[in-house]
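This report concerns only the one structure given below.
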Amino acid sequence: MTIALEVMGAYKTFYEEDDENRRPWWRIWQRQPRRLVTAVDRVSFHVKQGECYGILGPNGSGKSTLIRLISTLLLPDAGTVRVFGMDVVERQLEVRRLINRVSVDAAFFKKLSAVENLNYAARLYGMDMQEARKRAGAIMERMGLESKKWRSPLENLSRGQQQKVAIARALMTSPVLVLLDEPTTGLDPKSKRDVQDYILEVQRIQNTTVILTSHDMAESERLCQRLAIIHDGKFVAEGTTAQLKVRYGGRNLEDVFFTA
């Protein structure tokens, strides 16, 4: 059994200042002491190669911070994160070649078209451009993005259409580990199902490992072999959907989520 991702005691804190709008007017010019916030609190888990592992939690629970730690966008204050045995701090560039990430707030060159953004990403990953164009087109078509939209500036596309381009950008590089941070947010039900089907297809055919964060319980239950529930930066539950239903006595994953 190959371990694709191993997280051991991951810990990340931030300092934040109080919102100025909540201060009394007579203290508005006083500098407020910064507050230490623990975003990820000694989290440990592992994911096998080819597995889809879901991380569920309310807003502000630490899901996106954990994804950023895995993707090397943030460095842990303590603990270790390894991708296929490689430490994400010591071997950042090597790890980045193996992974790709889709976030709910995907960044693009908004004046460029979908095709131009995907070509740029392909060059960054050293892909053959002819193969990259063919693969990107096949993915966008598979997810129902009309070809007439491919050459429109991203700023002219809807939120859901932009998200489809983000998913195409991540999957066309054939990463061995895909980090999907609320990937189907903003998609209509048909588009959401198309994306889910494609993720399952990629996982099955390419043995791709997937880490998914989502607020969609039905999506998580459909895609994930195992799930964890995070609250205040800590994992409070972990297991298969069936195991969690038995443990918490829920009829569905939503019941399990609220009980946990």
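Net charge near S220: determine it from the other residues with C-beta under 15 Å of the C-beta of S220, scoring Lys and Arg +1 and Asp and Glu -1.
-3
Where does the chain land at 222 nm, in deg cm²/dmol rounded to the nearest 500, when only DSSP H runs of n ≥ 4 count, each adding -39500 (n - 2.57), divided by all residues?
Mean residue ellipticity at 222 nm (helix-derived): -10500 deg cm²/dmol.
For the charge dipole of region 77-126, defined by +1 on Lys and Arg C-beta atoms and -1 on Asp and Glu C-beta atoms about the Cα centroid, which residue among G85, N117, A107 has the Cα displaced farthest towards the positive pole?
N117
From the cross-link list K48/K111; K192/K245; K110/K234; K63/K148; K110/K190; K48/K192, which pairs have alpha carbons spaced over 31 Å apart?
K48/K111; K110/K234; K63/K148
Taking only the Cα atoms of region 84-135, how large is their convex hull per residue, in Å³?
113
Which order do the peptides 242-252, 210-220, 181-191 take when ranked by the mean count of other beta-carbon atoms within 10 Å per residue, highest first?
Result, highest mean Cβ count within 10 Å first: 210-220, 181-191, 242-252.
For the chain, with every protein chain kept in place, what is the accessible area per residue (1.4 Å probe, Å²)?
Spelled out: the 1.4 Å probe surface of the chain, per residue, equals 52 Å².
Compare the Cα positions of N252, G239, T184 along the charge dipole of region 169-260 (+1 at Cβ of Lys, Arg; -1 at Cβ of Asp, Glu; about the Cα centre) and return the one farthest towards the positive end.
G239
Rounded to the nearest 20 debye, what is the charge dipole size of the chain about its Cα centre when +1 sits on each Lys and Arg Cβ and -1 on each Asp and Glu Cβ?
The calculation lands at about 420 debye.
Most fluctuating residue of R169, R193, R34 in a GNM of the chain with Cα springs under 10 Å: which is it?
Residue with maximal mean-square fluctuation among R169, R193, R34: R34.
Considering only protein heavy atoms and a probe of 1.4 Å, how much of the accessible area of the chain is carbon and sulfur, as a whole percent?
C and S atoms contribute 48 percent here.
Skipping prolines and chain starts, which residues have an amide H placed within reach, meaning under 5 Å, of the one on A237, given they are 5 or more residues away or on another chain?
Hits under the 5 Å cutoff: I229.
How large is the charge dipole for region 62-143, taken about the Cα centre, if only the Cβ atoms of Lys, Arg (+1) and Asp, Glu (-1) carry charge, to the nearest 20 debye?
220
Using modelled amide H (1.01 Å from N, peptide plane; none on Pro or chain starts), what sits under 5 Å from the amide H of L74, excluding residues fewer than 5 places away?
L69
Give the Debye-formula value of log10 I(q)/I(0) at each listed q (0.08, 0.09, 0.15, 0.17 Å⁻¹), with one equal scatterer per alpha carbon of the chain, two decimals each.
-0.35, -0.45, -1.11, -1.32
On average over all directions, what projected area in square nanometres does region 45-116 have, based on the convex hull of its Cα atoms?
The Cα convex hull of region 45-116, projected and averaged over all directions, gives 6.7 nm².
The values are calculated or read from the model by the stated rules, or taken from the named source; none is laboratory data. What you see is a predicted model; the values in this text were computed from it and never measured. Note: ideal-geometry Cβ built from the backbone for every residue, glycine included; neighbour counts use all protein chains shown. All accessible areas refer to the heavy atoms of the entire protein, side chains included, with ligands and DNA or RNA removed. Shrake-Rupley method; radii C 1.70, N 1.55, O 1.52, S 1.80 Å.
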